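The values are calculated or read from the model by the stated rules, or taken from the named source; none is laboratory data. For clarity, every value in this text was computed on a predicted model and none was experimentally measured. Please note: Cβ atoms are built from the backbone with ideal geometry, for glycine as well, and neighbour counts cover all protein chains shown.
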Amino acid sequence: SARTIGAINTVVARRGKWVGHNTDGVGFWASLPVVWKRSVSGSSVLILGAGGTARAIVKMLMDQKVRRIVVANRTARKGGRLIKEISRWAPRVTCEVIPWQSKSIGKALSEVDWVINTTSVGLQKSDKLPLPTMAKGFSLKVFDVLYHTRETPLLKWAAHHHFPAMN
């Protein structure tokens with residue numbers, strides 16, 4: 001999977017050789033409550049970010065038969081590359097990249113079941129995600145990959161809107 005994803009985050013010595021793995025997708029999946037796992041198949045997901053963690057989680061979501069992936073990234077080119085990879089991995093999945101701004105993200109939030117932040121936004125207290133202030137009528141599950149801090153901007157936003165959330 002690390003070769004497919006194009007990112008390694010763990011290296012293990014095996015028979016005198018170093019072998020690289022990517023544990024982000026497996027770690028994401030293993031950390032989800034059982035109740036949440038059952039709702040992934042056929043769902044739509046907004047991914048914030050397009051780096052190695054995003055690719056690993058997207059690959060795991062593809063394996064679980066999600067229906068649609070929307071990617072918002074700070075650089076559109078990188079988001080577009082991830083969309084191309086998704087299209088190769090799962091040609092039947094609807095994919096799109098959107099601008100990193102609250103209007104675009106707000107529209108996407110009204111059409112998805114999940115929002116997953118795979119960016120570093122939230123490591124600094126001054127960091128802000130471009131999330132809409134109003135989120136009434138949405139039904140979302142929220143996941144933030146950041147684990148260095150318990151209250152990321154995304155988790156605060158989710159709590160304010162009473163969405164189930166975890167990191």
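Criterion first (surrounded by 15 or more Cβ atoms within 10 Å (Cβ to Cβ), within 13 Å of the chain's Cα centre (by Cα) and not acidic (D, E)) does V93 satisfy it? Against the criterion (surrounded by 15 or more Cβ atoms within 10 Å (Cβ to Cβ), within 13 Å of the chain's Cα centre (by Cα) and not acidic (D, E)), V93 does not qualify. Among all residues of segment 27-40, there is none that is modelled with pLDDT of 90 or more and among the β-branched types (V, I, T).
Scan segment 114-137 and give yes if some residue there is farther than 20 Å from K156 by Cα and either in contact with an Asp or Glu (Cβ under 7 Å, 6 or more places away or on another chain) or free of Cβ contacts under 8 Å to residues at least 24 places away in the same chain (or both), otherwise no. No, the conditions are met nowhere in segment 114-137. Scoring K103 on the criteria (1) surrounded by 17 or more Cβ atoms within 10 Å (Cβ to Cβ); (2) not in a strand (DSSP E or B) leaves a single failure, condition (1). From the list S44, S110, the one residue that fits, being under 14 Å from the mean Cα position of the chain (by Cα) and within 23 Å of H160 (Cβ to Cβ), is S44.
Within segment 4-60, the set of residues being more than 26 Å from R92 (Cα to Cα) and in a loop (DSSP other than H, G, I, E, B) comprises I8, N9, R15, G16, P33. When A50 is tested against (1) out of contact with any Lys or Arg (no Cβ under 6 Å at 6 or more places or on another chain); (2) within 17 Å of S120 (Cβ to Cβ); (3) touching a residue at least 24 places away in the same chain (Cβ under 8 Å); (4) among the small types (G, A, S), just one condition goes unmet, and that condition is (1).
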